[in-house]
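A.B. asks: Dumping the structure here so I can ask a few things about it.
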Amino acid sequence: MRRRGCAYPVVWVNAGKHARPDKLRALIQQAVDGLPPSCRTVLLLFGFCGNALVGVEAGRRRLVLPRAADCITIFTGSRKEREAYGSGTYFFTEGYLDSGGSIVSDTDRVYRLYGEKRGLSILKRMLGHYKDFAVINTGVFNVAEVKARVKDFAKLPGIPVRVIPGNLRLIDMLLAGEWGNDEFLTVAPGGSVTFEDTLSANGV
């Protein structure tokens with residue numbers, strides 16, 4: 001926003017609801033509905049994670065959002081770049097680690113419920129599909145510190161950790177009003193985000 005010279009009002013939504021799409025959808029709708037009438041266009045910086053955006057209503061406003069299958073797409077800059085890492089990579093950012101809804105906090109809950117030995121077995125099954133952990137360097141947090149935190153956690157399942165470059169071009173384009181291509185979805189007043197919208201992210 002500083003680089004673009006814009007000073008839009010920002011409403012933060014609790015990322016800890018990421019694993020609960022219905023609750024996240026309700027929070028997003030509440031945030032949209034709670035904006036003052038002077039806000040005619042709302043920029044939604046979310047991916048279609050868990051279909052949490054499906055059903056969000058524009059009301060009297062216009063909604064604009066990236067056609068991103070998940071939030072990792074937003075941090076890596078494109079669908080193509082996201083898919084280049086394959087399905088065996090588990091991604092981390094500082095915000096995700098601190099959200100209260102990360103795999104790290106889930107593990108703490110599993111350990112409390114089942115004890116360390118059985119909890120570790122459950123953790124390894126949960127992460128059995130993943131070959132590596134990737135910290136996305138978005139340039140807005142201390143990468144070395146976050147990598148150290150992830151490495152500390154990664155010792156348990158024995159998964160290697162690497163740092164990958166982030167790319168915030170989709171965020172930059174959203175703020176700049178550069179929505180005239182198939183990388184963004186615009187929902188007109190009176191409309192809502194549909195499931196079909198989540199299937200048409202061809203250009204991301």
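The values are calculated or read from the model by the stated rules, or taken from the named source; none is laboratory data. The structure displayed is predicted, hence computed values, not measured ones. Note: ideal-geometry Cβ built from the backbone for every residue, glycine included; neighbour counts use all protein chains shown.
A.B. asks: Leu27 - would you say it is in contact (Cβ under 8 Å) with a residue 60 or more places away in the chain and either exposed (fewer than 12 other Cβ atoms within 10 Å of the Cβ) or not assigned by TED's automatic domain parsing to the domain that holds Gly95 (or both)?
C.D. replies: No; evaluated as a whole, the condition is false for this residue.
A.B. asks: Please name all residue pairs, on different chains or six or more residues apart, with Cβ atoms under 9 Å, provided the first residue is in the range 150-166 and is under 15 Å from Lys124 (Cα atoms) and in the same structural domain as Arg109 (by TED's automatic domain parsing) and the second residue is part of a helix (DSSP H, G or I) and β-branched (Val, Ile, Thr).
C.D. replies: Going by the 9 Å Cβ cut-off, the qualifying pairs are Phe153/Ile103; Phe153/Val104; Phe153/Thr107; Leu156/Thr107.
A.B. asks: From the list Gly47, Gly34, exactly one residue is out of contact with any His (no Cβ under 8 Å at 6 or more places or on another chain) and surrounded by 16 or more Cβ atoms within 10 Å (Cβ to Cβ). Which is it?
C.D. replies: When all the criteria are applied, what remains is Gly47.
A.B. asks: Further question: Taking Thr107, is it of a type in the set (S, T, N, Q) and more than 24 Å from Thr73 (Cβ to Cβ)?
C.D. replies: Yes, satisfied.
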